[in-house]
Amino acid sequence: MTKPVKRIVILGGGTAGWITAGLIAADHPKGYEDAVEVTLIESPDVGPIGVGEGTWPTMRETLKRIGLPESDFVASCEASFKQGSKFIGWVDGTAEDQYYHPFMLPEGYFQFSVPDIWQALPTDKPFADVVGLQPQVCEHGLAPKQISTPDYDGVLNYGYHLNAGLFGERLKRHCQERLGVRYICDHVSAVVGEHDAPIEGLQTREHGLIAGDLFIDCSGAKALLISGHYGVPFRSQSQVLFNNRALAVQVPYPSGSADIASATLSTAQDVGWIWDIGLPSRRGVGYVYCSEYLQEEQARACLADYLSASVGAQAAAELTPRAISFEPGYRESFWRHNCVAVGMASGFLEPLEASALALVELSAKMISDELPMTTDTMGAVARRFNERFNYRWQRIIDFLKLHYVLSRRQSPYWQANREIDSIPDSLQELLALWQQRAPNRNDLFHVDEVFPAASYWYVLYGMGFEPEVRKGARGGRDFASARKLFEENLRQLPRFLQALPSNRRLLEQLSQQR
Ligand SMILES: Cc1cc2nc3c(=O)[nH]c(=O)nc-3n(C[C@H](O)[C@H](O)[C@H](O)COP(=O)(O)OP(=O)(O)OC[C@H]3O[C@@H](n4cnc5c(N)ncnc54)[C@H](O)[C@@H]3O)c2cc1C
């Protein structure tokens, strides 16, 4: 029997729950034919995971769409501007081993076959420095815009570093006060409905049965609906991406005027890697590693060593990192009957490229854009969603694995990461193709790939990838004009370095303006 889809019930008040609630409520407000009522249930007993502090540029569009002004967001979430990631020690761990994966596309991305040009270019500069300005802007700790640049616009492309706890709180307030999301603070104790039929409602301790037409599972790693109720299997990826533990810690700055890094710093270790991000008030640092190769005590010692270099041994010893376990992988399907999983409930992969919140944004946008008006089309929307996100998870896995495959580090952990059995067939195929021709924009099939071809180029050439065969024809044809473009780009650099304020300065200016 056809039923309208009007009551959207979201289980979970972590970042995934609130981003999803905000996007759906903003897109389907009262007074329109496709208006819906959004209810979010959050347990008072189970806190959100409280990590997830690096975003992609997509977050600007998301926040704009839900109507949160940028200056408000930046101040209330202790956000700073992120322009990409800097990978340190990933190739061989020597002193000069570092490269950038910036958010800007390379100059000439749509005009030339940039990799062909690059492979023919006689230069000792890093790839990312030749095809863009952003690495140098980051090296100088500069912001991606000026105070006069409008909200959510940038001179250079950017996302954010933010305080995850404050972000959830701010979204919660905005969703309730501005977007009319109904909030229920209660613990869900049972799911009402057959296991092979749509869910009818969620039983709560204090508020009785919360009925709905579409249920969004944002209950975190517990995955209460998609796994607990429907039993959708989890596809572990631990054979490809080995890391399964994290230690996270908040690190005070030595002074209130300390520089705020413009990129996430990711420093490779003998086992795993350490993230280091700069917020206005503190750094967020974490060690991601694999428990098969390292005990927790050894990991704590390694993280303390890393921190000692910036805060001193005594201050580092006083910090107590929080331990988090996870299994890398994702659900066999994400949408079953009238239930769709978003966020940690749908899966999780190590935060090497901060892709989790980006997937939350993409999921919430697709749910909102394709929201079925009646149950008649729910099956079709579910099928399309599952197909698209299955593809997206696989592409993210390939891209993360690329960082490990190209490394020449020699510890057992890194060697095992290069074992052919641990590399997905799809990535092996690309690596084989790239031995005979330069990577290109057609390597990936979709126009809206999670990681565009440019991201692959930054990692490949950043890590010193060399094809077996150097073909010069395409590079030769466009060589002169591309080279001119790159040189012109570099000539602009001093102007940018002079005109852009530091990350901290811009944040101070924004707070004075409020
Ligand atoms: C170490 C680490 C680092 C990360 N770094 C990044 C990063 O840099 N960038 C990025 O994009 N992502 C990152 N992530 C991922 C990111 O933290 C998550 O994707 C994001 O926080 C979303 O989490 P969530 O909302 O799905 O789950 P959670 O935050 O776990 O929220 C679950 C919610 O479900 C509710 N709930 C659970 N059970 C019940 C119940 N019975 N009844 C009612 N409510 C219930 C809880 O109250 C809670 O509100 C990282 C993750 C980890 C582990």
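Yes or no, residue by residue, for (1) touching a helix residue (DSSP H, G or I) at 6+ places or on another chain (Cβ under 9 Å); (2) surrounded by fewer than 23 Cβ atoms within 10 Å (Cβ to Cβ); (3) at pLDDT 95 or above:
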site	(1), (2), (3)
360	yes, no, yes
375	no, yes, yes
384	yes, yes, yes
393	yes, yes, yes
399	yes, yes, yes
410	no, yes, yes
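Here the range 200-239 is the region considered, the condition is being more than 14 Å from residue 332 (Cα to Cα) and among the β-branched types (Val, Ile, Thr), and the residue that is nearest to the ligand (Cβ to nearest atom) is 204. Do we find a residue being among the β-branched types (Val, Ile, Thr) and modelled with pLDDT under 90 anywhere in the range 465-488? The answer is yes, given that some residue of the range 465-488 is among the β-branched types (Val, Ile, Thr) and modelled with pLDDT under 90. Number of residues in the range 246-260 that are surrounded by fewer than 22 Cβ atoms within 10 Å (Cβ to Cβ) and either touching an Asp or Glu at 6+ places or on another chain (Cβ under 7 Å) or in a loop (DSSP other than H, G, I, E, B) (or both): the value is 7. Annotation: residue 67 fulfils all but one of (1) more than 22 Å from residue 131 (Cα to Cα); (2) within 16 Å of the ligand (Cβ to nearest atom); the unmet one is (2).
Go over the candidates 47, 31, 17 one by one and state the one that is assigned to a loop (DSSP other than H, G, I, E, B), near the ligand (Cβ under 7 Å from one of its atoms) and in the same structural domain as residue 360 (by TED's automatic domain parsing). Spell out the reasoning first.
Values: 31 fails: near the ligand (Cβ under 7 Å from one of its atoms); 17 fails: assigned to a loop (DSSP other than H, G, I, E, B).
Only one candidate qualifies: 47.
The rows are residues; the columns are (1) within 14 Å of the ligand (Cβ to nearest atom); (2) within 25 Å of residue 269 (Cβ to Cβ); (3) part of a strand (DSSP E or B).
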| position | (1), (2), (3) |
| --- | --- |
| 74 | no, no, no |
| 78 | no, no, no |
| 86 | no, yes, yes |
| 93 | no, yes, no |
| 99 | no, yes, yes |
| 104 | no, no, no |
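The set of residues in the range 342-365 being over 14 Å from the mean Cα position of the chain (by Cα), of a type in the set (Gly, Ala, Ser) and more than 9 Å from the ligand (Cβ to nearest atom) consists of 364 alone.
Annotation note: Cβ proximity below 6 Å between a residue of the range 116-127 that is closer than 18 Å to residue 454 by Cα and a residue that is of a type outside the set (Val, Ile, Thr) and not in a helix (DSSP H, G or I) (sequence gap 6+ or interchain) occurs for 116/438; 119/438; 119/470; 120/472; 126/99. Looking across the range 145-188, the residues that are in contact with a Cys (Cβ under 9 Å, 6 or more places away or on another chain) and under 15 Å from residue 507 (Cβ atoms) come down to 160, 162, 163, 166. When residue 75 is tested against the conditions (1) outside the structural domain of residue 494 (by TED's automatic domain parsing); (2) surrounded by 19 or more Cβ atoms within 10 Å (Cβ to Cβ); (3) touching a Ser or Thr at 6+ places or on another chain (Cβ under 8 Å), the lone failure is (2).
Answer yes if at least one residue in the range 203-221 is in contact with a His (Cβ under 9 Å, 6 or more places away or on another chain), part of a loop (DSSP other than H, G, I, E, B) and surrounded by fewer than 14 Cβ atoms within 10 Å (Cβ to Cβ), and no otherwise. Among the residues of the range 203-221, at least one is in contact with a His (Cβ under 9 Å, 6 or more places away or on another chain), part of a loop (DSSP other than H, G, I, E, B) and surrounded by fewer than 14 Cβ atoms within 10 Å (Cβ to Cβ), which makes the answer yes. Within the range 164-194, the only residue that satisfies the criterion of being within 15 Å of the ligand (Cβ to nearest atom), closer than 19 Å to residue 63 by Cα and part of a loop (DSSP other than H, G, I, E, B) is 181. Mind checking which pairs have a first residue in the range 44-55 that is within 12 Å of residue 13 (Cβ to Cβ) and a second that is among the basic types (Lys, Arg) and buried (at least 20 other Cβ atoms within 10 Å of the Cβ), Cβ under 8 Å, 6 or more apart or different chains? Within 8 Å, no pair qualifies. Residues in the range 105-125 that are surrounded by fewer than 24 Cβ atoms within 10 Å (Cβ to Cβ) and under 30 Å from residue 280 (Cα atoms): 105 alone.
Once the range 137-163 is narrowed to residues that are of a type in the set (A, V, I, L, M, F, W, C) and surrounded by fewer than 17 Cβ atoms within 10 Å (Cβ to Cβ), the residue that is nearest to the ligand (Cβ to nearest atom) is 155. Selection of first residues in the range 148-176 that are touching a residue at least 12 places away in the same chain (Cβ under 8 Å) and under 30 Å from residue 106 (Cα atoms) and of second residues that are of a type in the set (Val, Ile, Thr) and part of a loop (DSSP other than H, G, I, E, B), restricted to Cβ pairs under 9 Å at least 6 apart or on distinct chains, gives the following pairs, ordered by first then second residue: 155/149; 159/55; 160/55; 161/55; 161/260; 162/55.
Applying the condition of being more than 16 Å from the ligand (Cβ to nearest atom) and of a type in the set (A, V, I, L, M, F, W, C) to the range 367-389 and asking which residue is farthest from the chain's Cα centre (by Cα) yields 373.
The values are calculated or read from the model by the stated rules, or taken from the named source; none is laboratory data. It should be emphasised that the depicted structure is a prediction, and the values quoted were computed from it without experimental measurement. Reconstructed Cβ throughout: ideal geometry from the backbone, glycine too, with neighbour counts over all protein chains shown.
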